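J.: Can you keep this structure in mind? I'll have questions shortly.
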Amino acid sequence: MRDFLRHTLLWIIILMACIYAYGQFCDWFFTQPQFLDFAINKRAWNLKHKKQSYDFVVLGNSRAYGVFDMRLLCERLDKNGINIGAGGSSFIDNYLTLNLFLKNGNKVKEVFLQVDLWSLNSRTWLTESFHKYHFVQYWKDPIVRQTLNDFSGIREVKVFTLFPELRYIKFNKYFSFKEIVRRYSNRNKIHSPFDFTLGGVVAQSLEKQPIMEYTQYKKMIFKIDEKDLFYLKNIILLCKLNNIKLTAFKAPEFNTFKESIINYDEIYNNINDLLYDWDIPYHQLNSEIDNNIENFYEGGHLRNQALIPFTELFAIEYVRYSSQEDKP
Amino acid sequence: MLFNSLTYAFFLPVVFVIYWFYVNKNLQLQNFFLLAVSYVFYAWWDWRFLTLIIFSSAIDYFCGIQLGKTDDPANRKMLLWFSILINIGFLFFFKYFNFFVDSFAELSQAIGFQANKSSLKIILPVGISFYTFQTMSYTIDVYRRKMEPTSDALAFFTYVAFFPQLVAGPIERAINLLPQFFSKRIFTYEAGVQGMRLILWGLFKKVVVADNCAVYVDTVFGSYSDASRVQLLLALVLFAFQIYGDFSGYSDIAKGSARLLGFDLMTNFRTPYFSRDIAEFWRRWHISLSSWFKDYLYIPLGGSKEGKTKAVRNTLIIFLVSGFWHGANWTFLFWGFLHALYFLPLLLSNTHRVHLEFRETKYGLPTLKEFSQMVFTFVLVTFSWLFFRANSMTAAFHYLASIATPARGVRVETVGTTLLIALCFIQVIFEWIFRKEIVPFTNFESSKPLRYGAYLAVGFLIISYGAYVNPQSFIYFQF
């Protein structure tokens, strides 16, 4: 028995030591800007920025990421801005992204947050309501750790608290040796198309998608998810704590698509009331853009041709609203 | 409590330490402790069904005792049938009731009668098919006077509930496992090492091969009408690896866990995908179930000794019953029927016992002829898995039709296949090396560097490529 226990213990120690060493290495490697894979990964690109100053930041899901011509918006508002929205991201992802973005030493004066039905019901409408694996390497950040714990079972929280390096084993698909080699070999690829678009959509691939048929829209009923609401509030609090002005807006939706949502008006009225209670302006911007299906590659995502009209529209509305606010 | 969960990683070492250091003073204490932890293990799923195991154990314990007291053939037969009816009754109620009600209603509607489907919401108690067969084997063996009935209730109840093999087998025979509860277990270094090796290899098959294949297979089977022909075929092959990795991985971990506690469970799989014909496949796949059916159904029906017609009938019966044992669905019945069709030509031509042992060339590889036989058998088995995996017969035939349809250029978004194929290939290589051994890694006994290298390589694969984000349950838990 003694020999068996000695050998078993030895193997367990070797195993734990390897996991610990690998975890420590991953903590370092996957947070280094040169290995962030920002040339193609939008979420990584968002976090490569350090110690910059921005007049505004666009935040939200794919409908925020793909709604503005960022250069035009900066020009029209005469401000310096960046888009840190990302496809498939929920308010939970957005909250952590903004938190890490600010902790990178970036200064932000205003956040344009895209708020819509989908972002308030991420568990139903997104493939994953929270992309844990995009944030596990930032475990040392207390806000990230708290959020990861909120989305883990009690046993997992205990295990990760005792031995945080195990999280790289759980998410081994994203933190494998192969991934390390790939990112290391891409370390010199410092040019990203997002640098040119200021984080706005790189639309070529999306443009190839066919226009969706009207008849394909099914009748839908939406409800607001408490979890998403909680993280929307967290974003608001984070902005307040950092003296950042917050402006909410809704990206365009094709009219027939809107009609397919049974409780569309009711839900948007609720969102409007909620944001009003928190003293946050909400720009819904219904316009001609919504009437033409050719402006969309499906009901909720704009094609290239509609980016400029919508950006112009938003800029005008924003300037109008700001000038009203400035009046005594 | 899944074998591939953190809970079990904590549970087994705790049981091991208490078992060998605190309750090893006497046999009764060892058995009592094993019974308690086995019930805890089962209660982790659903404590309410513990009563079912206890009741089932009590019935067979009682029948065994009574069988030992009487020599009257009529009484003995009555006791046997009492046990069988109670056990099969439970199995029928929990597993097959809805199937029969639904099938009857559908049949009535098909011939023009109005029939309401009044299925009950019955939860299937995990492992019921396994422990029911295990307890029945005891009563039948006592009835046949192959073994003496036991008066040691603690040993018997522990034998039925023994946690490593409680929920998905191997379906142990009382004649093999029960006597192991009658003598105090003594730890040996060799048994401990064998246990760890089996667990290591079982984990590799389950979390690396089966669970990774599951992601691809589930995606393609979930939207097969949108998948390309290559995807459909690949999903079938990967399902063959998934189900083998899943079930044999479970069996290895079960055997390894039992070995750590001083028990020797029967081998359930012996590299079945290296079989050269279907008869050999069934001597190597789920051995505990196929031998159970052979001993308690096929042979009592007359086996192959009473002429070809009866042999064909008996073969059809055991394959259909075997299919039905897996679940109350026509797909399982058809799967069994298909295997009977594969098997019957071998039986009729008297070639079903040709391939009993591996032969190989001097390089340790099969001959070209044997290799082609293995591939052919694998293709037949893989085809039959389609019916096993599909949710319904309609879905299975639609899947087949989709394969036959010319390429549509539509593809389902799935995980990468290169890694999956590589992992399956690694498993095949290791399995070929281990094919003659009961315990994996035994071949490397003579060389320490090779052995340690193999441990590290498999350990590395488990850590780096195991699927842990959404841990999959074991497929055979549903049976």
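Laboratory data are not the source of any read-out in this text; all were calculated from the coordinates shown. On a predicted model such as this, the values are computed, not experimentally measured, just so you know. All Cβ positions, glycine included, derive from the backbone under ideal geometry; neighbour counts span all protein chains shown.
J.: About the Cα centre, and with charges only on the beta carbon of Lys, Arg (+1) and Asp, Glu (-1), how big is the dipole of chain B? Nearest 20 debye, please.
T.: On the way: 40 positive and 28 negative charges, 138 e Å.
Using only the charged Cβ atoms, the result is roughly 660 debye.
J.: Could you give the C-alpha radius of gyration of the protein assembly as shown expressed as a fraction of 2.2 N^0.38 Å, taking N as the number of residues it contains? Walk me through the numbers before you get to the answer.
T.: Values: Rg = 31.6 Å, N = 807, 2.2 N^0.38 = 28.0 Å.
Relative to the 2.2 N^0.38 Å estimate, the protein assembly as shown comes out at 1.13.
J.: Among A:Trp118, B:Phe21, A:Thr197, which residue has its Cα positioned farthest towards the positive end of the charge dipole of the protein assembly as shown, with +1 placed on the Cβ of Lys and Arg, -1 on the Cβ of Asp and Glu, and the dipole taken about the Cα centre?
T.: Farthest towards the positive end: B:Phe21.
J.: Semi-axes, largest first, in whole Å: what does sqrt of 5 times each Cα gyration tensor eigenvalue give for the stretch B:1-88? Mind showing how you got there, number by number?
T.: Details: eigenvalues 232, 66, 13 Å².
Here the semi-axes work out to 34, 18, 8 Å.
J.: Classify the stretch B:128-177: rounded, prolate or oblate, from the alpha-carbon gyration tensor (a ≥ b ≥ c, eigenvalue square roots; a/c under 1.5 rounded; otherwise prolate if a/b is larger than b/c)?
T.: Numbers: a/c = 2.23, a/b = 1.43, b/c = 1.56.
Verdict is oblate for the stretch B:128-177.
J.: Within the stretch B:286-345, which trypsin sites (Lys or Arg not before Pro) sit in a loop by DSSP and count at most 10 neighbouring Cβ atoms inside 10 Å? Please report the intermediate quantities before stating the final value.
T.: Details: sites: B:Lys294, B:Lys305, B:Lys308, B:Lys310, B:Arg313; in loops: B:Lys305.
Loop-located and lightly packed - B:Lys305.
J.: Next question. Among all the lysines, which ones have a C-alpha under 26 Å from B:Lys305's C-alpha, if same-chain residues fewer than 8 places away are not counted?
T.: B:Lys77, B:Lys146, B:Lys294
J.: Under the classification rounded if a/c is under 1.5, otherwise prolate if a/b is larger than b/c and oblate if not, where does the stretch B:305-409 fall, given a ≥ b ≥ c as square roots of the Cα gyration tensor eigenvalues? Don't jump to the answer; show the numbers that get you there.
T.: Numbers: a/c = 2.47, a/b = 1.16, b/c = 2.12.
Verdict is oblate for the stretch B:305-409.
J.: Given points 7 Å out from each Cα along the Cα-Cβ axis, report the B:Arg359 to B:Glu148 separation in nanometres with one decimal.
T.: 4.6 nm
J.: Here's something else I'd like to know. What full-extension length gain, to one decimal in nm, is calculated for A:Met16 and A:Lys189 as 0.36 nm per residue of separation minus the Cα-Cα distance?
T.: Working: separation 173, 0.36 × 173 = 62.28 nm, distance 3.45 nm.
58.8 nm is the gain from fully extending A:Met16 to A:Lys189.
J.: Charges at C-beta only: +1 for Lys and Arg, -1 for Asp and Glu. How large is the resulting dipole of the protein assembly as shown about its Cα centre, in Debye rounded to 20?
T.: Working: 81 positive and 65 negative charges, 547 e Å.
Dipole size: approximately 2620 debye.
J.: Using the charge dipole of the protein assembly as shown (Lys, Arg: +1 at Cβ; Asp, Glu: -1 at Cβ; taken about the Cα centre), state which of A:Phe171, B:Asn98, B:Ser322 has its Cα farthest towards the positive end.
T.: Toward the positive end, the furthest listed residue is B:Ser322.
J.: Rounded, prolate or oblate: pick one for chain B, where a ≥ b ≥ c are the square roots of the eigenvalues of its C-alpha gyration tensor, a/c under 1.5 means rounded, and failing that, prolate if a/b is larger than b/c, else oblate.
T.: On the way: a/c = 1.44, a/b = 1.11, b/c = 1.30.
Cα axes put chain B in the rounded bin.
J.: Then there is this: Name the residues whose placed amide hydrogens come within less than 5 Å of the amide hydrogen of A:Val67, ignoring near sequence neighbours (fewer than 5 apart) on the same chain.
T.: Under 5 Å from the amide H of A:Val67 lie the amide H atoms of A:Val201, each far enough along the sequence or on another chain.
J.: Let me ask something else about it. Find the all-direction average of the projected area of the Cα convex hull for the stretch B:1-148, expressing the result in square nanometres with one decimal place.
T.: Details: hull surface 51.6 nm².
The number I arrive at for the stretch B:1-148 is 12.9 nm².
J.: Here's another thing I want to ask about it. Just name one of B:Ser183, B:Pro170, B:Val193: the one whose Cα is farthest towards the positive end of the charge dipole of the stretch B:159-219 (beta-carbon charges, Lys/Arg +1, Asp/Glu -1).
T.: Looking along the dipole axis, the top candidate is B:Ser183.
J.: Of all the stretches in chain B, which is the longest one without any exposed loop site, taking GluC sites (Glu not before Pro) in a DSSP loop (any state but H, G, I, E, B) with at most 16 other Cβ atoms within 10 Å? Mind showing how you got there, number by number?
T.: Numbers: sites that count: B:Glu306, B:Glu357, B:Glu360, B:Glu413, B:Glu437.
In chain B, the maximal stretch lacking such sites is B:1-305.
J.: By count of other Cβ within 10 Å, fewest leading, how are B:Leu50, A:Leu162 ordered? Write down the numbers at each step before the final one.
T.: Details: B:Leu50 17, A:Leu162 8.
Sorted ascending by nearby Cβ count, the order is A:Leu162, B:Leu50.
J.: A follow-up question, please. Just need the relative contact order of chain B here, percent rounded to a whole number, with Cα pairs under 8 Å and 6+ apart. Intermediate values should be presented prior to the final figure.
T.: Values: 614 pairs, mean separation 90.4, N = 479.
It comes to 19 percent, rounded to a whole number.
J.: Let me ask something else. To make sure I understand the rule: partners must be aspartates and glutamates, Cα under 18 Å from the Cα of A:Lys223, and not fewer than 8 residues away in the same chain. Which ones qualify?
T.: Reachable aspartates and glutamates: A:Asp116, A:Glu128, A:Glu253, A:Glu259, A:Asp265, A:Glu266, A:Asp273.
J.: Test of understanding: ordering B:Ile123, B:Ile287, B:Ile54 by Cβ neighbours within 10 Å, fewest first, what list do you get?
T.: Numbers: B:Ile123 9, B:Ile287 20, B:Ile54 14.
Least to most surrounded, the residues fall as B:Ile123, B:Ile54, B:Ile287.
J.: With only alpha-carbon pairs counted, each pair once and no self-pairs, how large is the Kirkwood hydrodynamic radius of chain A in angstroms? Could the numbers behind the result be given before it?
T.: Working: mean 1/r = 0.0466 Å⁻¹.
Value: 21.5 Å, from the Cα pair sum.
J.: Something else about it: Looking at the stretch A:114-144, which trypsin sites (Lys or Arg not before Pro) are DSSP coil and have at most 16 other C-beta atoms within 10 Å of their C-beta?
T.: A:Lys140
J.: Also, quick follow-up: Ranking A:Trp11, B:Trp47, B:Trp335 by Cβ neighbours within 10 Å, fewest first, what do you get?
T.: Values: A:Trp11 16, B:Trp47 11, B:Trp335 26.
Listed from fewest to most nearby Cβ atoms, that is B:Trp47, A:Trp11, B:Trp335.
J.: B:Asp72 to B:Val17: extension gain in nm, 0.36 nm per residue of separation minus the Cα-Cα distance? Don't skip to the answer; put the middle values down first.
T.: Numbers: separation 55, 0.36 × 55 = 19.80 nm, distance 4.76 nm.
This chain segment gains 15.0 nm when fully extended.
J.: Using unit Cβ charges (K, R positive; D, E negative) and no other charged atoms, how large, in debye to the nearest 20, is the dipole of the stretch A:172-322 about its Cα centre?
T.: Values: 18 positive and 20 negative charges, 222 e Å.
Dipole of the stretch A:172-322, to the nearest 20 debye: 1060 debye.
J.: Counting only complete DSSP H runs, which helices of chain A cover 30 Å or more along their long axis at the Cα atoms and score a mean Kyte-Doolittle of 1.0 or above?
T.: none
J.: Setting aside same-chain residues fewer than 8 positions from B:Lys436, which aspartates and glutamates have a Cα under 17 Å from its Cα?
T.: Filter leaves B:Asp252, B:Glu280, B:Glu357, B:Glu360, B:Glu370, B:Glu445.
J.: May I ask which of A:Lys50/A:Lys109; B:Lys205/B:Lys369; A:Lys42/A:Lys233; B:Lys95/B:Lys206; A:Lys173/A:Lys227 have a Cα-Cα span longer than 18 Å here?
T.: Details: A:Lys50/A:Lys109 15 Å; B:Lys205/B:Lys369 28 Å; A:Lys42/A:Lys233 24 Å; B:Lys95/B:Lys206 26 Å; A:Lys173/A:Lys227 27 Å.
Listed pairs above 18 Å: B:Lys205/B:Lys369; A:Lys42/A:Lys233; B:Lys95/B:Lys206; A:Lys173/A:Lys227.
J.: Further, regarding this structure: Just in the stretch A:39-113: which chymotrypsin sites (Phe, Trp or Tyr not before Pro) are loop by DSSP and have at most 15 other Cβ atoms within 10 Å?
T.: Working: sites: A:Trp45, A:Tyr54, A:Phe56, A:Tyr65, A:Phe68, A:Phe91, A:Tyr95, A:Phe101, A:Phe112; in loops: A:Phe68.
Sites meeting the loop and neighbour criteria: none at all.
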